[in-house]
Amino acid sequence: MIPFDFIYCRPSTLKEALDAYRQLQSEGKNPVYYAGGSEIITLCRAGEIRPGGVIDLKNIPECKALALDERALHIGSVCTLNQIKESKLFNLLRLACGRIADHTNQCRITLGGNLCGSIIYRETSLPLLISEAELTLFGPEGERRIAFDKVFKGRMELQPGELVLQIHIPSWALKARHYHVKKTQNEKIDYPLVSLAALWKENRLRIAVSGLCSHPFRSDQMEAVLNNRALSRDVRSKEAAAMLPLSPLSDRAGSGEYCRFVFQNTLHTLLEEMENGKI
Amino acid sequence: MVRYEGKTVVSLNINGEVRQVMVRPSDLLLDVLREQLGLTAAKPGCKNGDCGACTMVIDGWPTKSCLVLAVEAENHVILTLEGLGGRAAVQQAFVDANAFQCGYCTSGFLMVCHALKKQHPVLPEEHVMEEWLQSNICRCTSYQEIRNAVKIIYERDQSRI
Ligand SMILES: Cc1cc2nc3c(=O)[nH]c(=O)nc-3n(C[C@H](O)[C@H](O)[C@H](O)COP(=O)(O)OP(=O)(O)OC[C@H]3O[C@@H](n4cnc5c(N)ncnc54)[C@H](O)[C@@H]3O)c2cc1C
Ligand code: FES
Ligand code: FES
């Protein structure tokens, strides 16, 4: 059980959501937006967070949308990982969603929740970091549309009271050549040791990585090395693996040096498969 | 807008009936169904989203009810093992395949298998079946028997056509 009380609000419009946020804030309730609830419930039960109010976004039509037009794929923030998988509209995101938690949890965890959550892996961010995705945000200052990587710096940097409304992926990226791999310590269903998404634009490789450091990242420096075909695969993968933006995590999944070693091998396999025409 | 504060009566659509429960907004669906409605088939295991013993089917999809608030379940269609009636095809297949030992995980697995059959009426590819079944843990390791039970469900369905 959750050993304390909170107020539960279920708005049907964005305005109601914001009004609820302001009202709960003025009552000193320290409210949180609530999507799939899996992280909020887990952290409340463990006593790690104690919100006085939760605002459930799942009844707001704009947050539930999933639509494709000629310019982009638009995904409402409360779409579940399973809905995204079943829609089969963006295969790279489908692959990433399919390796987060297990199938039943994927029917519950939302895209917005995975991006905004405090669990560090945020694996759905990887396809978005390399596909020129954009976000529509809604908050006290109104609605704004912004490049994903301007707001996501390993974790979401939202204004107080702001929520993620939709995620937009440009249509070129939906069909682009891509690759996804997730390596875990042991079991198939686990947090990542290394999770990597790759996408090619104009024959140039882009990669984003989670699990290795304290937050997901994309590195221009690393991509420059990986795209330098004058160097051998061994050299490129070794140099790129030496360029981590932060020190690698040494945790239950493995020591930092081991994680870097796995990453280097992952890059090597990626280059090999790419150059052998397997991807 | 719905706003609930303190104890409130909410109506839940469970196993084809509308039932009223008195809940705090922070009460979990699993606890409410077990403690107020005596629907004890869904089991508390890890209460952390890992084991699947608490699985119910909500709007046709398997859901770990330890990670759902009871107030959220309003306006949704909830199916628990009790709603299958005791002689459903999935239940018979589990008996015939000896797909349990202590039985603690069984109701969760049955609900996953029931939803799988509804969402995939025709035998899905092996990897789909594996993906669905991997959401649940069986400490007695009846995995092979459970998989056989799923195959029986589809085979019997096929032989009826
Ligand atoms: C069993 C299990 C296994 C997991 N395995 C993985 C894994 O392998 N890889 C991985 O990356 N993650 C994993 N996770 C983490 C999971 O993806 C996150 O906990 C995620 O936050 C859950 O999404 P949710 O929709 O349930 O979020 P919620 O619990 O509803 O919310 C999480 C946070 O996001 C905020 N939030 C939610 N939606 C919005 C929005 N639209 N706008 C603004 N803020 C919002 C909430 O305020 C809250 O702070 C796992 C979680 C579980 C329970
Ligand atoms: S009790 Fe819900 S998943 Fe274990
Ligand atoms: S039969 Fe005992 S846990 Fe599965």
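Only one residue in A:VAL151, A:VAL181, A:VAL194 is out of contact with any Phe, Trp or Tyr (no Cβ under 8 Å at 6 or more places or on another chain), surrounded by 19 or more Cβ atoms within 10 Å (Cβ to Cβ) and of a type in the set (Val, Ile, Thr), so which one is that?
Exactly one of A:VAL151, A:VAL181, A:VAL194 is out of contact with any Phe, Trp or Tyr (no Cβ under 8 Å at 6 or more places or on another chain), surrounded by 19 or more Cβ atoms within 10 Å (Cβ to Cβ) and of a type in the set (Val, Ile, Thr), namely A:VAL151.
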Notebook entry, point to check: Within the group A:ILE120, A:ILE100, which residue is part of a loop (DSSP other than H, G, I, E, B) and in contact with a His (Cβ under 9 Å, 6 or more places away or on another chain)?
Noted result: A:ILE120
Notebook entry, point to check: Within the stretch A:226-246, is even one residue of a type in the set (Ser, Thr, Tyr), assigned to a helix (DSSP H, G or I) and in contact with a helix residue (DSSP H, G or I) (Cβ under 7 Å, 6 or more places away or on another chain)?
Noted result: yes
Next item on the list: Could you tell me which of the residues A:GLY139, A:GLY154 is in contact with a helix residue (DSSP H, G or I) (Cβ under 8 Å, 6 or more places away or on another chain) and either at pLDDT below 95 or not polar (S, T, N, Q) (or both)?
Entry: A:GLY139
Check: Which one of A:ASN114, A:ASN105 is touching a Ser or Thr at 6+ places or on another chain (Cβ under 7 Å), more than 16 Å from ligand 3 (Cβ to nearest atom) and within 20 Å of A:PHE217 (Cβ to Cβ)?
Finding: A:ASN114
Next item on the list: Identify, by number, the condition in (1) more than 16 Å from ligand 1 (Cβ to nearest atom); (2) buried (at least 19 other Cβ atoms within 10 Å of the Cβ); (3) under 22 Å from B:ARG19 (Cβ atoms); (4) of a type in the set (A, V, I, L, M) that B:VAL68 doesn't meet.
Entry: (1)
Check: Does the stretch A:215-223 contain at least one residue that is touching a residue at least 40 places away in the same chain (Cβ under 8 Å), surrounded by 22 or more Cβ atoms within 10 Å (Cβ to Cβ) and assigned to a helix (DSSP H, G or I)?
Finding: no
Notebook entry, point to check: What do you reckon, is B:CYS54 facing chain A (nearest Cβ under 9 Å), touching a strand residue (DSSP E or B) at 6+ places or on another chain (Cβ under 7 Å) and under 22 Å from A:ASN105 (Cα atoms)?
Noted result: no
Note to self: What's the total number of residues in the stretch A:37-56 that are more than 8 Å from every other protein chain (Cβ to nearest Cβ) and either buried (at least 20 other Cβ atoms within 10 Å of the Cβ) or in a loop (DSSP other than H, G, I, E, B) (or both)?
What the structure shows: 11
Next item on the list: Report, by residue number, each residue of the stretch B:10-44 that is surrounded by fewer than 22 Cβ atoms within 10 Å (Cβ to Cβ), under 21 Å from B:PHE109 (Cα atoms) and within 14 Å of another protein chain (Cβ to nearest Cβ).
Entry: B:ASP31, B:ARG34, B:PRO44
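Could you name every one of the helices (runs of 4 or more DSSP H) located completely within the stretch B:61-150 that has at least 1 residues being within 16 Å of ligand 2 (Cβ to nearest atom), in contact (Cβ under 8 Å) with a residue 60 or more places away in the chain and closer than 30 Å to B:TYR4 by Cβ?
So the answer is B:106-119.
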Notebook entry, point to check: In this structure, is B:ARG34 closer than 30 Å to B:ARG139 by Cβ and assigned by TED's automatic domain parsing to the domain that holds B:LEU79?
Noted result: yes
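The values are calculated or read from the model by the stated rules, or taken from the named source; none is laboratory data. Because the structure is a prediction, the values reported are computed rather than measured. So basically every Cβ, Gly included, is an ideal-geometry build from the backbone, and we count neighbours across all protein chains shown.
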